[in-house]
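A quick write-up on the structure given underneath.
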Amino acid sequence: MARIFETPLYPYVRSADQDAQGSVRHSVIIVGAGPVGLTAAIDMALNGVEVIVLDENDKVSWGSRAICFAKRQLEILDRLGCGQPIVEKGVIWNLGKVFFRDRKVYEFNLLPESGHKRPAFINIPQYQLEKHLLDRIFDLQQQGRKIEVRGRNRVTQVYNAENHVVITVDTPDGSYNVEADWLIACDGATSPIRSMMDLDFVGRVFEDNFLIADVTMDADFPTERWFWFDPPFNKGQSALLHKQPDRVWRIDLQLGWNIDKELEKTPERVMSRLKSMLGESVKLELEWVSIYTFQCRRMEKFRHGRVLFAGDAAHQVSPFGARGANSGLQDVDNLVWKLKLVIDGKAPQTLLDSYDLERIRAADENILNSSRSTDFITPKSEASRLFRDAILDLSEYYPFARPLVNSGRLSLPCIYDQSPLNGPDHHHMPIRTRPGSPAADAPMKEGWLLDRLDGHFQLLAIGIDVPMSIDVGGVLVHALIITDVSNELQERYLGSLAQGIYLIRPDQHVAARWEAFDEQAVKKAVQQAMGVIAV
């Protein structure tokens, strides 16, 4: 398995930009070839925008890193044309179990209702996800899309001009300058670009240390998320177990504050801890080991002129709840369609301010949930520990206590309530599909609803006829008319009503909804969702 970490998948090739007389201008440059940067690049290319990815590496990430990818992110990957192979490779799970000391106190199902194409979560190592994203990029290149990944191209300087960005890039052949109309910084938690621009985070830094170990073993544990509070094998701390593909298991062990990190990473020390957890007879091999602390912080703004920050470069959370990479994919899902409209001159640059507003709301939501999880998992006083332990005891017998248990509130998409892009609402329709919310999937006569929402503005008409397309300032809004309404569609979109109309944004979030069709109202809502008018 280690060979994938060692094989250059986008090796250094001298580009024409390096031999140009002056700096060549490109439409969009993305820095960082992790999951967030590669996803943004694919989305840009599918939108017909020329895009270049710069990365100081030429290989996928070393080690599993992020492994849990949520239903909404799988739907985003479906829209980008690479969801199915990723799901097929991943380990599907919906069920989680919580243990306190030596007993299970309760279990939970993250997707208790039927009628969804995708599961609540899959587990797939970050390096395998990156490989699938790169395969999709290579496929798009074969189709003639203008997308390029430049390996061993390290950004060393950024100048944010009024109408473009100047970037200095270091390569094995020396440095060169290149320009971009727009720069998307997806260069990770230590973001060199953020440092170059003298920008910082606000938030909390936590001092607990956690051991991550990816191990290969043949085990009969079910495909579930298991979380322990104060287990016998890690007394006074916590532990987490997840299954990955290819017989690999992720184990997280809380170690505490004052530790010798180098000692704790030694194979002998790690194997001793794992044998204590799994038993002496279990045969296992270490694949990857890391010790981490974490932060719950974000930048004050994600947009700085022509530079836009996304993913860990913009915000950081604890790993509890799988909110890191998942929120990063939602960042670029929110950003790319807006940037496309601005590039095409169909929306004002102020539309990008809504990226700040909506995704900072999401980051604050993730930071709040992540901080609460951390405080519950790692009590800071004896009183808070006694309170936590009492809740865990109660949760075994009393359902009312279970929502108080916080082993990591697992990633859910943010609902952009009060977004300035939200248009009219119909309050007799179901609350789950109100403006600002992601469209809920549902089975159709043939296939699934979200597979029919193609990454552009669409008018979803359920049980009612509407024009097949509407032109709003050069933006075509095509209709998806559904007359054969499934029970799930009825429940999720109409409730007690007989018909309904939804305006869906390119990122599959609801922009507005009505019971009856009014063309002028639809046009006004589209303009509002594009930031052309304010209401």
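The values are calculated or read from the model by the stated rules, or taken from the named source; none is laboratory data. It should be emphasised that the depicted structure is a prediction, and the values quoted were computed from it without experimental measurement. Every residue, glycine among them, receives a Cβ derived from its backbone with ideal geometry; neighbour counts consider all protein chains shown. Each accessible area value is taken on the protein alone, full model and side chains, heavy atoms only, with ligands, DNA and RNA left out. Shrake-Rupley method; radii C 1.70, N 1.55, O 1.52, S 1.80 Å.
Cβ under 10 Å from LEU460's Cβ, LEU460 left aside: what net charge do those residues give with Lys, Arg +1 and Asp, Glu -1? Don't skip to the answer; put the middle values down first.
Numbers: positive: ARG452, ARG513; negative: none.
Neighbour charge sum, excluding LEU460 itself: +2.
Which trypsin sites (Lys or Arg not before Pro) does the stretch 327-418 hold that lie in a coil by DSSP with at most 14 other beta carbons within 10 Å? Display every interim value, and only then the final one.
Numbers: sites: LYS338, LYS340, LYS346, ARG359, ARG361, ARG372, LYS380, ARG385, ARG388, ARG409; in loops: LYS346, LYS380, ARG409.
Answer in residue order: LYS380.
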(Q) Under 10 °C and 1.306 mPa s, how fast does the stretch 323-363 diffuse according to Stokes-Einstein, given a Kirkwood radius computed over C-alpha pairs? Answer in µm²/s, whole number. (A) 151
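Once you keep just the Cα pairs under 8 angstrom separated by 6 or more residues, what percentage relative contact order results for the chain? The partial results should precede the final answer.
On the way: 1126 pairs, mean separation 74.5, N = 535.
Relative contact order comes out at 14 percent.
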Q: Taking just the C-alpha trace of the stretch 380-440, give me its Rg and Dmax in Å.
A: 18.3, 50
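Pairs of alpha-carbon atoms within less than 8 angstrom and 6+ residues apart define the contacts here; what relative contact order does the stretch 327-418 have, in percent?
29 percent.
Please compute the per residue accessible area over the chain with all protein chains in place, 1.4 Å probe, rounded to a whole number of Å².
Working: 21830 Å² over 535 residues.
Per-residue accessible area for the chain comes out at 41 Å².
Using 0.36 nm per residue, how much length does the chain from ASP200 to ASP375 gain when fully extended, once their Cα-Cα distance is taken away?
Numbers: separation 175, 0.36 × 175 = 63.00 nm, distance 2.38 nm.
Contour length minus the Cα-Cα distance gives 60.6 nm.
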Q | Rounded to 5, percent antiparallel among DSSP beta bridges of the chain | A | 75
Q. In whole percent, how big is the carbon plus sulfur part of the accessible area of the chain, probe 1.4 Å, protein atoms only?
A. 49
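Given the peptides 40-50, 135-145, 14-24, arrange them by the average over their residues of other C-beta atoms within 10 Å, most packed first. Don't jump to the answer; show the numbers that get you there.
On the way: 40-50: 23.0, 135-145: 15.3, 14-24: 12.5.
Final packing ranking: 40-50, 135-145, 14-24.
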**Q.** Inter-label distance, nm, simple model (7 Å from Cα along the C-beta direction), ALA219/ASN177
**A.** 5.4
Q: Let me have the 222 nm mean residue ellipticity of the chain computed from DSSP H runs of 4+ only, each contributing -39500 (n - 2.57), with the sum over all residues rounded to the nearest 500.
A: -8000 deg cm²/dmol
Q. Label 7 Å along Cα→Cβ of LEU476; the stretch 44-73 residues with amide nitrogen under 19 Å?
A. 46-49
**Q.** chymotrypsin sites (Phe, Trp or Tyr not before Pro) within the stretch 224-320, DSSP loop, no more than 11 other Cβ atoms inside 10 Å
**A.** TRP257
Q) Among the listed pairs LYS117/LYS275; LYS97/LYS265; LYS97/LYS338; LYS117/LYS243; LYS117/LYS265, which are separated by more than 32 Å between their Cα atoms? A) LYS117/LYS275; LYS97/LYS338; LYS117/LYS265
**Q.** Proximal aspartates and glutamates to LYS523, defined as alpha-carbon separation beneath 20 angstrom and excluding residues fewer than eight positions away on the same chain
**A.** ASP344, ASP425, ASP454, ASP465, ASP471, ASP507, GLU515
(Q) Using C-alpha positions alone, give me the convex hull volume of the stretch 424-486 per residue in cubic angstrom. (A) 110
